[in-house]
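The values are calculated or read from the model by the stated rules, or taken from the named source; none is laboratory data. Values in this document were obtained by computation on a predicted structure and should not be read as measured data. Counting neighbours? That spans all protein chains shown, and the Cβs are built from the backbone with ideal geometry, glycine included.
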């Protein structure tokens, strides 16, 4: 099992380590001798700031003459008009229009890109990219930098002000842009992205410099203090935060057998990308066009607000008028909102926003209402 460069940091701070996609990752932290709490870590991020180790996510560099051509062939998003220093969320699809993964593409230079992929899909996507390179005689270098780098996400409403003591430039970054910064002898890639619904940054740096960089970033911060601006947060809080933000997760709202047009991320699908000047058709595009031309997918992702206190879980059936009409993909009690929420694929023809449905948990039926996502938006 793999360990990230922050493994010792996790153990030192009471991280409850679990196996996640082949990596040892913290579920929660027992800070100051207290039991680990997903709810406390969740509130810390919403209220102030949390630090997440996301080094398990794949980081793959594409450089060379055909780097853009390869990514254009594999990604559903338009990439040719990206500026240097810009990031874009995209999908990678199979020929049937199912989702192989969702990724974030960083444009470093004209022919130099960094792509962040999900941990569970890194090996699969590397094979996919390399097979497309060979099949199309593309000339480029594909460099998997996952194990030679560290990636941390620092998220929360007080994070950007905290970062301003280290940099004047970073707080001025727009959403989905990045900058390459020097911290002494360490080169950092700092992006204004995230997966929590809060403001913040994600930082990529060389693995061998992780300890020094962390000391500078968190200084002598005492995480056990209630008023600590930033505290470490684990996988548990990461999941409840992203669910409140209505963000899809591979294996839940995204998958090879799930049509990309069902997932609520149409903004990331340039369905007529081949009509752009010098545009490239991407894998799965024709299948997605057929789905669109047929009136769209039968089931689409919807948000649910549950009655009572019982939460829905992945795989539970959604019923409309007593008949099966969908399936839950993610669900949790929302620490921020104070009631259970869920995402589910539901038949468009049977339910829409404001409709009442039931969720079959195997023992009883839970009442719920279809609501607009995201469930939570950070205050302006």
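Before moving on, here are some points about what is shown:
- Condition met for residue 167 (surrounded by 16 or more Cβ atoms within 10 Å (Cβ to Cβ), farther than 21 Å from residue 55 by Cα and in contact with a strand residue (DSSP E or B) (Cβ under 8 Å, 6 or more places away or on another chain)): yes
- Scanning segment 190-224 for residues that are buried (at least 20 other Cβ atoms within 10 Å of the Cβ), in contact (Cβ under 8 Å) with a residue 40 or more places away in the chain and not in a loop (DSSP other than H, G, I, E, B) yields 191, 200, 201, 202, 203, 204, 205, 210.
- Taken together, the residues in segment 272-290 that are surrounded by fewer than 16 Cβ atoms within 10 Å (Cβ to Cβ), part of a helix (DSSP H, G or I), at pLDDT 85 or above and in contact with a helix residue (DSSP H, G or I) (Cβ under 9 Å, 6 or more places away or on another chain) amount to 0.
- Verdict on residue 83 being in the same structural domain as residue 247 (by TED's automatic domain parsing), closer than 30 Å to residue 379 by Cβ and either out of contact with any helix residue (DSSP H, G or I) (no Cβ under 8 Å at 6 or more places or on another chain) or in a strand (DSSP E or B) (or both): yes
To keep it simple, each residue is scored yes or no on (1) modelled with pLDDT of 95 or more; (2) within 30 Å of residue 226 (Cβ to Cβ); (3) in contact with a strand residue (DSSP E or B) (Cβ under 6 Å, 6 or more places away or on another chain); (4) surrounded by fewer than 22 Cβ atoms within 10 Å (Cβ to Cβ).
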site	(1), (2), (3), (4)
32	no, yes, no, yes
42	yes, yes, no, no
47	yes, yes, no, yes
64	yes, no, yes, yes
80	no, no, no, yes
86	yes, no, yes, yes
92	yes, no, yes, no
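- In segment 1-12, the residues that are surrounded by fewer than 18 Cβ atoms within 10 Å (Cβ to Cβ) and touching a strand residue (DSSP E or B) at 6+ places or on another chain (Cβ under 8 Å): 1, 2, 3, 11
- When the criteria are applied in full, residue 341 meets the requirement of being within 25 Å of the chain's Cα centre (by Cα), crowded, with 20+ Cβ neighbours inside 10 Å and outside the structural domain of residue 66 (by TED's automatic domain parsing).
- Restricting the first member to segment 56-67 and to residues that are in the same structural domain as residue 205 (by TED's automatic domain parsing) and within 9 Å of residue 122 (Cβ to Cβ), and the second to residues that are modelled with pLDDT under 95 and crowded, with 18+ Cβ neighbours inside 10 Å, no beta-carbon pair is closer than 9 Å while six or more apart or on different chains.
- When segment 94-119 is filtered for residues that are surrounded by fewer than 18 Cβ atoms within 10 Å (Cβ to Cβ) and either within 20 Å of residue 265 (Cβ to Cβ) or not assigned by TED's automatic domain parsing to the domain that holds residue 254 (or both), the ones remaining, listed by number, are 94, 95, 96.
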